[in-house]
1. Could you go through region 339-356 and let me know if any residue there is at pLDDT below 95, of a type outside the set (Ser, Thr, Tyr), part of a helix (DSSP H, G or I) and closer than 19 Å to Tyr453 by Cβ.
2. Looking at region 181-215, which of its residues are over 16 Å from Asp396 (Cα atoms) and within 16 Å of ligand 1 (Cβ to nearest atom)?
3. Kindly provide the set of residues from region 308-338 that are of a type in the set (Gly, Ala, Ser) and assigned to a loop (DSSP other than H, G, I, E, B), ordered by number.
4. Would you tally the residues in region 253-281 being closer than 22 Å to Ser143 by Cα and either in a loop (DSSP other than H, G, I, E, B) or within 27 Å of the chain's Cα centre (by Cα) (or both)?
5. State which residue is surrounded by the fewest Cβ atoms within 10 Å (Cβ to Cβ) when the search covers only region 1-22 and only residues that are at pLDDT 85 or above and of a type in the set (A, V, I, L, M, F, W, C).
6. If you take the residues in region 120-152 that are polar (S, T, N, Q) and touching a Pro at 6+ places or on another chain (Cβ under 6 Å), which one is farthest from Phe204 (Cα to Cα)?
7. So if I check each of Arg435, Arg449, Arg423, which one is surrounded by fewer than 17 Cβ atoms within 10 Å (Cβ to Cβ) and either at negative phi or at pLDDT below 95 (or both)?
Amino acid sequence: MLGTTVIAPPALRASSYTIYVDLADGDGYTLLAHGYTGAYDLVPHAVAAYVRSLDVRPPKPLYGTWTDEPVTGPVTPPNDATLDTLRQRGYLTTVTAEEERAFFDRVVELKHAREVGSPSYVIMPTYDCNLRCGYCFQDHMRSDASYAHLLRTMTPSMIDRVIAALPGIEERHGIATDSGKKRPFLFFGGEPLLARARPVIERFMERARAAGPSSFAAVTNATELDTYADLLGPDGIAVLQITLDGPRERHDARRIYADGSGSFDRIAANIDLALARGAFVDVRMNVDRTNADGLVALAQFFEARGWTGQNGFSAYAAPVHATNPSIDRKTCFNGHELNEALAAMRAEHPAMAAIATGDDSLRTRLRRVMRDGADPVPMMMKASFCGAHTGMYVIDPFGDVYACWERTGDRNVRIGWIGEDGRAEFVADRLENWRSRTVSSNDTCRKCRYAMYCGGGCAVLAEDVHGTMFGNYCDAFGRRFRLAVRDAYATRNDALPGDDRVLELRAL
Ligand code: SF4
Ligand code: SF4
């Protein structure tokens, strides 16, 4: 006798990548966001509570709590049409967690392949510097005699070798020599724009331009920038990142010359000069608990000096990380703590609006999604944290090539070098090690609902914590992300047509 086998429908569960955002003006609604489909949807609390009730993982801070309040009371399934929409947009799924992770891996792999794209070049003319900032991650190079060999300057013949090597590097990225694409060069050091390095920079720029369209930027302490005046501006070194750590007396206690004297006045004069030349100046403040209270006075200084509001001027605060053994970790902020400290100052002091945090750029991009209808997948999502895992080449005075500027000056970790014949050679396993770090390459990030918004955090800071770069460095990202979404949502444009993004798990 033939029997009938009844196949039970697969169990419905919340996607492991569903994010729940409490809104400031939620009024009975929660914003659902999805960690790889890019969907954002406003749903009644009851619907969010239902989705959450199907979340098989207990909420953990690392993977993203969304509210301090536990779900209490009965939850009722929404109607079939709503259930269908929740499934189509990725919040609910019938695939297992393992199947979904495998799908996530594939999404990350495709995204990463696109990110690898074009190379970018960080050129280090020297590791030497005229300042002795206490928190400098390269301090040992100038204070320990056994590193004295590093303090040489790139030679003219090395410049020629570096330029000759570029087409070969680009070929590895599938870019033809005659592509017409601008090569982005960032001068970095030590201090790249020392007065005595000017012939090096000038030659480099000449040779680079002769080899193809180029753009130039620099991370500089700006103490000797006046000796580069004619090279600054939209057609020369167009973008400068310059550090001021507070108003004069605070800055001069931190960013000092070897004799202990301060650098504030020279730097401020050179920022005036760079702005007058039409260069874009982005002032960075390295902030910890010992100088944060100087930010208001610094913002007021920007205003008094006429910098605030100029098109070519921006400023941002960044937390000091304990990458130098002399730094007391207890004095460091994490990203969220710094945001909170700045928010409190902004509430009291209007001048502080001129000082951004890293999360302001997150908010700006989210506003483009919520207000202008931009596609969040290219706008917001990434498979890896920074250029060290895609196409960045850091080239030092000796022609050694590194993936990350925080890991330079030690040939044992270089990913390659520029040979005497002007060809780049690579150490395959080291290059692969750096370039393969994505949010799928460690199990913690791989399971994280925020992964493609976060990128997995800085590899060097992760290594500091875990002993391997294949680990997470969260820096309170989940909380920062939800707050940024909440703020951006307040600027939403309700007139935008609904987002009908649908990503079927079987589609890839
Ligand atoms: S100016 Fe930059 S490179 Fe020089 S000591 Fe200070 S942090 Fe280090
Ligand atoms: S580092 Fe980023 S992606 Fe990784 S677990 Fe932390 S928040 Fe998630």
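The values are calculated or read from the model by the stated rules, or taken from the named source; none is laboratory data. As the structure is a computational prediction, the values presented were derived from the model and not from experiment. All Cβ positions, glycine included, derive from the backbone under ideal geometry; neighbour counts span all protein chains shown.
1. yes
2. Ala195, Arg196, listed by residue number.
3. Across region 308-338, the qualifying residues are Gly309, Gly312, Ala322, Ser326.
4. Number satisfying all stated conditions: 8.
5. Going through the qualifying residues, I end up with Ala11.
6. Once the filter is applied, the top-ranked residue is Ser120.
7. Arg423
Here is a yes/no grid of residues against (1) of a type in the set (A, V, I, L, M, F, W, C); (2) more than 24 Å from the chain's Cα centre (by Cα); (3) within 16 Å of ligand 2 (Cβ to nearest atom):
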site: Tyr402; (1), (2), (3): no, no, no
site: Thr408; (1), (2), (3): no, no, no
site: Asn412; (1), (2), (3): no, yes, no
site: Ile418; (1), (2), (3): yes, yes, no
site: Ala424; (1), (2), (3): yes, yes, no
site: Trp434; (1), (2), (3): yes, no, no
site: Arg437; (1), (2), (3): no, no, yes
site: Arg446; (1), (2), (3): no, no, yes
site: Tyr450; (1), (2), (3): no, no, yes
